[in-house]
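Here's the structure we're looking at; comments come further down.
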Amino acid sequence: MTNQNQYRAKVFKALADPLRLEILLFLGENEKCVCEIVEQLDIVQPLISRHLKILRESGLIHGRKMGNKRLYKVAERKVLRMISDLNLDFLSRITERIIQEAI
């Protein structure tokens, strides 16, 4: 397997978890601290941190330290567009399939 395909697999694996998708969508285009993510998603901090690590290691997010806080943001806006496009494409296919089955 090529390095490029290994990286792609790592990214898709990171995206394959619903909680990690929620984190990415919550971050959106804004930088947020771990405490905001914990509060918004109502998930314990250690679990959020574990998922943030996976997202960071896959290159989907960047983190930086500011004082005693850790801030995260989506690495590239393309990631958010890809998630959105995937949702739209999936929904349109489901709708099309339902219509075809109804005919």
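Values quoted throughout were computed directly from the atomic coordinates according to the rules given, and no laboratory measurement underlies them. All figures in this text were calculated on a predicted structure; none of them were measured in a lab. Cβ sites come from the backbone with ideal geometry, for glycine too, and all protein chains shown count toward neighbours.
Tabulated results
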quantity: Helical contribution to [θ] at 222 nm, DSSP H n ≥ 4, -39,500 (n - 2.57), averaged over the chain, rounded to 500; calculated: -22000 deg cm²/dmol
quantity: Formal net charge of residues neighbouring LYS69 (Cβ-Cβ distance under 14 Å; K, R +1; D, E -1); calculated: +2
quantity: Options [x] 51, 12, 9; [y] 51, 18, 15; [z] 29, 18, 12 - which one matches semi-axes √(5λ) of the Cα gyration tensor in Å as calculated here; calculated: [z]
quantity: Length-normalised contact order for the range 3-75 - Cα pairs under 8 Å, 6+ apart - percent; calculated: 36 percent
quantity: The range 1-20 versus the range 34-103: alpha-carbon centroid distance in Å; calculated: 13 Å
quantity: Likely footprinting exposure, ILE103, ILE23, ILE48, ILE94, fewest C-beta neighbours within 10 Å first; calculated: ILE103, ILE94, ILE48, ILE23
quantity: Among VAL74, VAL44, VAL11, residue whose mean-square fluctuation peaks in a GNM of the chain (springs only between Cα atoms under 10 Å); calculated: VAL44
quantity: Positive dipole terminus of the range 3-75, leading residue within ALA16, ASN3, LEU47 (C-beta point charges); calculated: ASN3
quantity: Potential lengthening between GLN100 and LYS73 on full extension [0.36 nm per residue; Cα-Cα distance subtracted]; calculated: 5.6 nm
quantity: Full-extension gain in nm, ARG81 to ILE43, via 0.36 nm per residue minus C-alpha separation; calculated: 11.2 nm
quantity: Förster-model FRET efficiency, 25 Å R0, ARG50 and PHE90, C-beta, rounded to 0.05; calculated: 0.40
quantity: Fewest-first ranking of ASP17, ASP42, using other Cβ atoms within 10 Å as the exposure measure; calculated: ASP42, ASP17
